Amino acid sequence: MKWANHLVIAGATTALVAPPLVPVALLGSTAPDWLEWVLEKLGGRKIKHRGVTHVVLYWIAGLAFALAIWDFHGILAAFAYGGLTHVLADSFTVSGVPLTPNADRRFHLFGGRLRTGGNGEYGIAWGLAGVCFVLALLFKPQGGSGWYPFFYDWNGLYQSGVVDAKEWKDNRFKFF
């Protein structure tokens with residue numbers, strides 16, 4: 001998959017759970033690809049694309065480890081989650097990804113029918129972003145009560161006394 005689609009998938013799904021962690025998840029969503037370059041520079045030998053940095057089990061273990069230990073504000077977990085979304089998204093493609101480090105076969109989700117750069121990958125990424133958008137709208141608190149990170153109800157916040165008149169006037173037409 002293209003990096004843009006990896007960014008859309010990780011960003012949209014992370015924004016539903018923890019909006020402040022979106023930048024970390026975005027960094028993690030590109031990590032399997034740029035880690036190939038880092039390992040190549042450190043080790044001095046060519047790293048195969050969708051090889052050691054794309055092992056699904058490594059990213060699952062990294063996420064489990066980050067969730068099991070004290071993780072400063074979820075930063076490690078968000079990074080590992082971004083990497084996991086990357087390798088799972090790559091598993092939709094024809095070339096797939098390794099499930100375990102010594103796997104001789106590639107792991108594919110839904111038969112691995114997508115081609116990198118094809119319309120199918122854009123459809124999945126942006127379709128998932130649309131689903132996340134709808135979920136964000138469905139779970140929006142009514143009347144300004146509660147914290148909602150996407151579409152602030154400035155009028156409700158002003159009516160409940162959370163913001164003053166100046167802040168309401170400055171932000172009433174900002175939708176994001």
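The values are calculated or read from the model by the stated rules, or taken from the named source; none is laboratory data. What you see is a predicted model, and the numbers here were worked out from it, not measured in a lab. Please note: Cβ atoms are built from the backbone with ideal geometry, for glycine as well, and neighbour counts cover all protein chains shown.
With the condition kept exactly as written, say whether any residue in segment 66-83 is aliphatic (A, V, I, L, M), under 12 Å from the mean Cα position of the chain (by Cα) and surrounded by fewer than 22 Cβ atoms within 10 Å (Cβ to Cβ).
The answer is no, given that none of the residues of segment 66-83 is aliphatic (A, V, I, L, M), under 12 Å from the mean Cα position of the chain (by Cα) and surrounded by fewer than 22 Cβ atoms within 10 Å (Cβ to Cβ).
Evaluate segment 24-33: report whether one residue or more is at pLDDT 95 or above, out of contact with any Lys or Arg (no Cβ under 6 Å at 6 or more places or on another chain) and over 11 Å from His86 (Cα atoms).
yes
Looking at segment 69-93 only, could you name the residues that are outside any helix (DSSP H, G or I) and out of contact with any Leu (no Cβ under 7 Å at 6 or more places or on another chain)?
Selection gives Ile69, Trp70, Asp71.
Specify the residue that is surrounded by the fewest Cβ atoms within 10 Å (Cβ to Cβ); the eligible residues are those in segment 84-141 that are among the polar types (S, T, N, Q) and within 23 Å of Ala64 (Cα to Cα).
Among those that are among the polar types (S, T, N, Q) and within 23 Å of Ala64 (Cα to Cα), it is Asn102.
Among the listed residues Asp33, Asp104, identify the single one that is of a type in the set (Asp, Glu) and within 29 Å of Leu135 (Cβ to Cβ).
None of the others qualify; the one that does is Asp33.
Could you run through segment 58-74 and say how many residues are touching a residue at least 24 places away in the same chain (Cβ under 8 Å) and either acidic (Asp, Glu) or over 19 Å from Val22 (Cα atoms) (or both)?
1
Keeping to segment 9-33, report how many residues are part of a helix (DSSP H, G or I) and either among the hydrophobic types (A, V, I, L, M, F, W, C) or not assigned by TED's automatic domain parsing to the domain that holds Lys48 (or both).
Number satisfying all stated conditions: 13.
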